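Single-structure report; data block below.
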Amino acid sequence: MILVTGATGTVGREVVGRLPAGAGVRVMARDPARIAGVAAGVEAVAGDYGDPGSLARVLRGVRTAFLVTARVGGGDDAVFVAAARAAGVRRVVKLSAAAVLDEGAGDLITRWQRESEGLLRGSGMEWTLLRPRAFMSNCLSWAGPVRCEGVVRALYGEAAHACVDPADVARAAVRVLTEEGHAGRAYTLTGPQALSAVEQTRQLGAVLGVALRFEELSPAQARAALAGRYPPAVVEALLDSAQRLKAGAKAGVQDTVGRLTGRPARTFRQWAAAHAASFGALGDAAGPRPPQAGPRASGPGAGTAGTAP
C-alpha cells in the first residue's frame, strides 16, 4: 500500500493522478472530499498531522509513504515520522527543497527543511528525498495582473532560476514510490534551463499572443505585498531566498528529472502553454488593458519565490 499525503496540493494531486492502477494507493487529506481525480480503487481517507490517532488509522497497512508538509517550523514531520515508524512503514519519500544544499541559506524555511530531513534520516526507516527548485506554477500568481494590466511585477528581474514544473516533480515521485533502488538517495530536481523573470515574461507573452511588460519591485514593495499573506518570519525567509536568487544560487541545472523519468524536464514555455487558460485567452484580440496606477506585487520572486526553493 502506498500512502500519498498532501493529496490536494500542487505536487500531491499530480502524484495521485499518475500512480499506476492496481498499485494499492491510499490518499490522505483533512477533507477527503477535496481530493480530485481519484481513480477507481484508490482509497481517500481523512487524516491530520495534528491528530496522531488519525495518522495511526491512515498508516495501517502502508508500506511506502509520500510525505508533504507545509507548516513552516511546525512539528508535522516529527509527528508523521513517529506514527509511520510505529505503524511499520518501510519507506518514506519526502518532498523537501533544493535550498537545503545552498551553503548560504540559513533562513527559517530552509532550517525547517533541513531539520525535517534529519528526522527522517534518523528514523530507522528507508528514506528518499526529493529536492525541487521553486515550481513554475508559482507564476500563476501573475495571472491577475497579466489579465488586467498586461504586466508582471517581481523582485530581481534579471536573476536566473532553474524552476521546475510540478508535474515533473510528481513524475519523479511516482518512479521513486514504485521502484526499488532509491533508498538513501536524495534527488535535486530542476527545470532544463535557468531563466530570469524578464525572460519568463517574454515567453509567457509569446504563448498568450500579447505584449507583456515587466516591472521590477523594490524590496520594500515586495515585503509589503508578502506581509498580507505570511507571518513576519516567513516574509523575511522569502526575501532572504530572493537575495540568494539575485546572487545566482538558484541557476544550476541538473538532468535528474530526465534520468529518473526517462523524459526531459519540461521547459517554462511548455508549462506556460499548458496553463495559458489561467492567464487569459490565447491571442486575445483586445490585448492587455492599459496599466493602472501604482505598484501591486504579484509575487516576490517572479514566480521563483516559494518555500525555500
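The values are calculated or read from the model by the stated rules, or taken from the named source; none is laboratory data. The structure displayed is predicted, hence computed values, not measured ones. In this analysis, Cβ positions are derived from the backbone assuming ideal geometry, glycine residues included, and neighbour counts consider all displayed protein chains.
Observations on the model:
- Selected residue [of a type in the set (Ser, Thr, Tyr), surrounded by fewer than 19 Cβ atoms within 10 Å (Cβ to Cβ) and modelled with pLDDT of 95 or more] from SER54, SER123: SER123
- Taken residue by residue, the range 219-233 has at least one member that is closer than 30 Å to SER123 by Cα, modelled with pLDDT under 95 and not basic (Lys, Arg).
- When the residues of the range 122-153 are filtered to those that are touching a Phe, Trp or Tyr at 6+ places or on another chain (Cβ under 6 Å) and assigned to a helix (DSSP H, G or I), the one that is nearest to ALA274 (Cα to Cα) is MET136.
- Restricting the first member to the range 21-42 and to residues that are touching a residue at least 40 places away in the same chain (Cβ under 8 Å), and the second to residues that are surrounded by 15 or more Cβ atoms within 10 Å (Cβ to Cβ), the beta-carbon pairs closer than 6 Å and six or more apart or on different chains are ALA23/ILE2.
- Only one of LEU239, LEU204 that is in contact with a helix residue (DSSP H, G or I) (Cβ under 7 Å, 6 or more places away or on another chain), part of a helix (DSSP H, G or I) and over 30 Å from VAL16 (Cα atoms): LEU239
- Here ASP48 meets each of (1) charged (D, E, K, R); (2) modelled with pLDDT under 95; (3) within 19 Å of LEU130 (Cβ to Cβ) with one exception, condition (3).
- For GLY88, the test of being loosely packed, with under 14 Cβ neighbours inside 10 Å, out of contact with any His (no Cβ under 8 Å at 6 or more places or on another chain) and small (Gly, Ala, Ser) is passed.
- Scanning the range 106-117 for residues that are under 15 Å from ALA233 (Cβ atoms) and either in contact (Cβ under 8 Å) with a residue 40 or more places away in the chain or outside any helix (DSSP H, G or I) (or both) returns GLY106, ASP107, LEU108, ILE109, THR110, TRP112, GLN113.
- Screening the range 1-91 for strands (runs of 3 or more DSSP E) wholly inside it with 3 or more residues that are under 17 Å from ALA173 (Cα atoms) returns the ranges 2-4, 25-29, 64-67.
- So GLY248, is it more than 16 Å from SER141 (Cα to Cα) and in a loop (DSSP other than H, G, I, E, B): yes
One line per residue, one yes/no per condition, for (1) modelled with pLDDT under 95; (2) acidic (Asp, Glu); (3) buried (at least 22 other Cβ atoms within 10 Å of the Cβ):
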{"residue": "LEU245", "(1), (2), (3)": "no, no, yes"}
{"residue": "VAL257", "(1), (2), (3)": "no, no, yes"}
{"residue": "PHE268", "(1), (2), (3)": "no, no, yes"}
{"residue": "ALA273", "(1), (2), (3)": "no, no, no"}
{"residue": "GLY283", "(1), (2), (3)": "yes, no, no"}
{"residue": "GLY287", "(1), (2), (3)": "yes, no, no"}
{"residue": "GLN292", "(1), (2), (3)": "yes, no, no"}
{"residue": "GLY299", "(1), (2), (3)": "yes, no, yes"}
{"residue": "ALA305", "(1), (2), (3)": "yes, no, yes"}
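- With respect to the stated conditions, ARG266 fails to be part of a helix (DSSP H, G or I) and not β-branched (Val, Ile, Thr).
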